[in-house]
Amino acid sequence: MGIKSDKWIEKMAKEKGMIKPFCKHLVTKNKISYGLSSYGYDIRVDNKFKVFTNINTTMVDPKNFDNASFYDLTSKVCIIPPNSFTLAQTVEYFKIPRNVIGLCVGKSTYARCGIIVNITPLEPEWEGRITLEVSNTTPLPAKIYAREGIAQILFFEANEICRISYADRKGKYQKQKGLTIPKV
């Protein structure tokens, strides 16, 4: 298994529709960068957010998550309260090949501000827009910018095909298109 280069990522985007829309150059001018990089793809955060709030003082329970714990926001920026988080989605839609896994790492520009991005691996044959969890680890409000870079996906191609893919087991987040809260 090895990390894939920009040439491989571009080929897979064109031939297999792995990333849509696909930006074949890294966009950096007056933006937090996004697009194709040397060994990965810098994804963008869309302009729709679910910002966590404790106003309703509900319990956080991954088996029975209360949607009232969030307020919905559509904006060019999202202000994340101190020591809180927001759910967001990517601009890009992904179709991961059966012999590939994608791993996400946060962008250093945000990490240096105490803003951490977390997603699970993009499993073989998973398809959809990524739901991101963006945490503000600071005691101050933090700003993220819609339609700009938020994280980077690194792609690894396996030496052999997996026996059971995400699509085979009919994963609960398959083909998600909107912001998706936890499911069991």
Identify all lysines with a Cα-Cα distance to Lys50 below 16 Å; exclude those on the same chain that are fewer than 8 residues away in sequence.
Lys76, Lys143, Lys177, Lys183
Under a straight-distance cross-link criterion of Cα-Cα below 19 Å, which lysines are reachable from Lys24, leaving out those fewer than 8 residues away in the same chain?
Lys4, Lys7, Lys11, Lys14, Lys16, Lys95, Lys107
Principal axes of the chain: Cα extent on each, largest first, Å
48, 41, 24
Based on the mean of other Cβ atoms within 10 Å per residue, sort peptides 96-109, 40-53 so the most packed one is first.
40-53, 96-109
Given the peptides 121-129, 60-68, arrange them by the average over their residues of other C-beta atoms within 10 Å, most packed first.
121-129, 60-68
Taking only the Cα positions of segment 56-139, the convex hull volume per residue in Å³ is 122 Å³
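Read the figures in this text as sums done on the coordinates, not as results from a lab. This one's a predicted model, so the numbers in the text were calculated from it and none came from an experiment. Here the Cβ is made from the backbone with ideal geometry for all residues, glycine too, and neighbour counts use every protein chain on show.
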